[in-house]
1. If you take the C-alpha gyration tensor of the stretch 244-362, multiply each eigenvalue by 5 and take the square root, what semi-axes do you get, largest first, in whole Å?
2. Take the Cβ-Cβ distance between residue 354 and residue 401 as r, set R0 to 30 Å, and report the resulting FRET efficiency rounded to the nearest 0.05.
3. Could you tell me which of the pairs 40/406; 143/366; 210/278; 182/366; 190/213 are separated by over 30 angstrom between their Cα atoms in the structure shown?
4. Could you go through the stretch 312-329 in sequence order and give the Karplus-derived ³J(HN,Hα) for each residue, using 6.51 cos²θ - 1.76 cosθ + 1.60 with θ = phi - 60°, rounded to whole Hz, and x for Gly and Pro?
5. Which distance in nm do the two modelled labels at residue 239 and residue 7 give, with both placed 7 Å along the Cα-to-Cβ direction?
6. Expressed as a rounded percentage, what relative contact order does the stretch 2-113 have, with Cα pairs under 8 Å and six or more residues apart?
7. If each residue of separation counts as 0.36 nm, what is the full-extension length gain between residue 148 and residue 361 once their alpha-carbon separation is subtracted?
8. Round to a whole number: what % of the accessible area of the stretch 367-424 belongs to carbon and sulfur, probe 1.4 Å?
Amino acid sequence: MNVHDSRAIEEILINSGYRKAESQDDADILLVNSCTIREKPWHKAISETGRFRKIKGIKDNILVGLVGCVAQQEGDNIFNLLNGIDFVVSPDNYNSLPEIIKKSYVSKTGIALVGFGDGSDDDFLGLKSIYPSESSALVTIMKGCNEHCRYCIVPSVRGPERNRSIESIEKEVRNLTEQGIKEVTLLGQKVNAYKHEGMIFSDLLIRLDKIEKLERLRFTSPHPRHMTKDVTDLYGQLRTLCGAIHLPAQSGSNNTLKSMGRRYTREEYLDIVERLRKKIPDISISTDLIVGYPGETEEDFKETLSLIKEAGFSSAFSFKFSPRPGTPAFKLDNDVSEDEKSERLSRVHEIISKQEFEFRQSLKGKNLQVLVDGKGRLDSQLSGRGENFQIVNFQHSKSLEEMFGKIVTVEITEVNSNSLLGVAVEK
Ligand code: SAH
Ligand code: SF4
């Protein structure tokens, strides 16, 4: 989401006459796009902003601004935490950045602009133009979240759920594909809970699939509670829907899921996995997991380990529970010790790396459809992502200029630590 927002900020500023700096040293305006999902990124945002403030101390006329979720969370309190910050602007207010920057040049005090937008189509920061180096784009279809999982700060920093109209989404996707975008990832905190004027998520997918120049459609992050049959049935049916899905599970224990407020059970989660595998047997399923949630016993944790195996995740982002201010879980007894959390996290990593390796090994000898987006490690190689999101390097006689944005069938010959190696299959 922040990758998308940073890109949108770039467009907003470029359209009002600014230029992207070559490096931090070359910049007159320094922005930190922050995340507060856990305590660690909050600290990182504060320390990066502090570092930028020091650059400001040595150069004249530099502006330092904080944007993103920490901006929304702290508002003008940020001026008490750190001095020398010129402005804080929250995610729903990026269209006002040029105006805030202008004001900051003359203002003696810091300026804060936070709060949520009305959810109108213009509020969604759609991209209008792309760079020649882009073949994929992120498109926001819904913002905010009403789910209130007990550990999560998102509803308070990204606001209530608001859905964009299907026409506005389609218009952006069409415009991007006309300019050369081949792959679109739809964004939303509960992306598959999308609904607008009687249309639901599966209607949107079916509609976007009809856009001829669109080759691939992905989305992140779906909530298991909304992974209904009408959505899973589209796998293997829609031309553009990729054989990879990121489906956050958070835990494999029904006790923990219940106390997290996730509103699905382990069995329901596994039922979705089964439905997906029926449609695409070798689908790549990745997930998010939290370890050490208050009250999580060794038994509960073991349920998470067994879910990883049973669901056959090909990769996972896993986190230690981090208490966030203002969330219901913040008040709970954070009873799993830091050492225990670290230990559980490393046990998760161990199984996930093994499964990741096995998944990648299983691709050896298979053909992947690779969307070319760059050069490989060697000059004679091209690189891109397979439909299952794996990075593939492969030998090709044509140049990147000729091949950029094309989909090439590649037979996988070797599995490396971070990428796959293959040869293009000539048709
Ligand atoms: N909307 C998405 C998740 C958004 S947050 C969903 O519901 O799946 C991204 C991930 O951060 C979550 O999936 C969760 O694994 C992690 N996360 C969120 N709050 C956290 C917390 N308080 N402590 C640790 N991890 C957290
Ligand atoms: Fe947070 Fe996702 Fe739960 Fe919403 S659905 S509260 S964003 S974890």
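1. Ellipsoid semi-axes (Å, largest first): 26, 16, 11.
2. 0.15
3. Details: 40/406 39 Å; 143/366 38 Å; 210/278 24 Å; 182/366 23 Å; 190/213 26 Å.
Beyond 30 Å: 40/406; 143/366.
4. Each residue of the stretch 312-329 in turn: x, 4, 8, 6, 7, 9, 10, 9, 7, 4, 10, x, 10, x, x, 8, x, 6 Hz.
5. Each label point lies 7 Å from its Cα, and together they span 2.3 nm.
6. With pairs under 8 Å counted, the relative contact order is 25 percent.
7. Gain in length upon complete extension: 72.8 nm.
8. Result for the stretch 367-424: 47 percent of the exposed heavy-atom area is carbon or sulfur.
The values are calculated or read from the model by the stated rules, or taken from the named source; none is laboratory data. If you're wondering where the values come from, they're calculated on a predicted model, not measured in any experiment. Every residue, glycine among them, receives a Cβ derived from its backbone with ideal geometry; neighbour counts consider all protein chains shown. For accessibility, only protein heavy atoms count, side chains too; no ligands or nucleic acids. Shrake-Rupley method; radii C 1.70, N 1.55, O 1.52, S 1.80 Å.
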